[in-house]
Amino acid sequence: MRVAKIEIANSKNALLLREASYPPVLYIPRKDADMSRLERSQHSTYCPYKGDCSYYSIPLGGPKSVNAVWTYERPYAAVAEIQGHLAFYRDRVDSIQVTSDSST
């Protein structure tokens, strides 16, 4: 993931989550992201399939990158594999350059 020409995350260990008719989502391990570039937001949502969702903004990206990153810190058991991972909205970052090696 790049924002303003700065690499935010790069992973060869991304998980690909396919859910219903939604486009697949890549979940990146936190250890593969530069967490110092992310700022925790007050925004939160709830998904009946995954649980409570928290968000991060990427200040470097300005208004476009507000709440650009989401994470399920305590996901439901059915998707436990995404715990400790981050997902990025494709339209809120400049590019996504990751390899998905596994599927959930």
Report task. At a Cα cut-off below 18 Å, give the lysines reachable from K31, other chains included and same-chain residues fewer than 8 away excluded. Result -> K12
Report summary line: If unit charges are put on Cβ atoms (+1 for Lys and Arg, -1 for Asp and Glu) and the dipole of region 23-104 is taken about its Cα centre, the option from Y76, Y46, V25 lying farthest towards the positive end turns out to be Y46
Query raised in the report: Near the amide H of N67, under 5 Å away, which other amide H atoms are found, from residues 5 or more places off or on another chain, if H is placed in the peptide plane?
Result: S57, I58
**Report entry** Candidate residues Y55, Y89: accessible-area rank, largest first, probe 1.4 Å
**Finding:** Y89, Y55
Report task. Could you calculate the contour length gain from K12 to E73, that is, 0.36 nm times the residue separation minus the distance between their Cα atoms, to one decimal place in nm? Result -> 19.9 nm
**Report entry** For the chain, the Rg and Dmax computed from alpha carbons only, in angstrom
**Finding:** 12.8, 36
Query raised in the report: Fully extended, how many nm does the chain gain between C53 and A80 (0.36 nm per residue separation, minus their Cα-Cα distance)?
Result: 8.4 nm
Query raised in the report: What is the distance, in nm, between label points placed 7 Å from the Cα along the Cα-to-Cβ direction at S95 and at A20?
Result: 3.4 nm
Query raised in the report: So how strong a dipole does the chain carry about its Cα centre when Lys and Arg Cβ are +1 and Asp and Glu Cβ are -1, to the nearest 20 debye?
Result: 140 debye
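The values are calculated or read from the model by the stated rules, or taken from the named source; none is laboratory data. These numbers come from a predicted model, not from an experiment. So basically every Cβ, Gly included, is an ideal-geometry build from the backbone, and we count neighbours across all protein chains shown. SASA here: full protein model, heavy atoms, side chains in, ligands and nucleic acids out. Shrake-Rupley method; radii C 1.70, N 1.55, O 1.52, S 1.80 Å.
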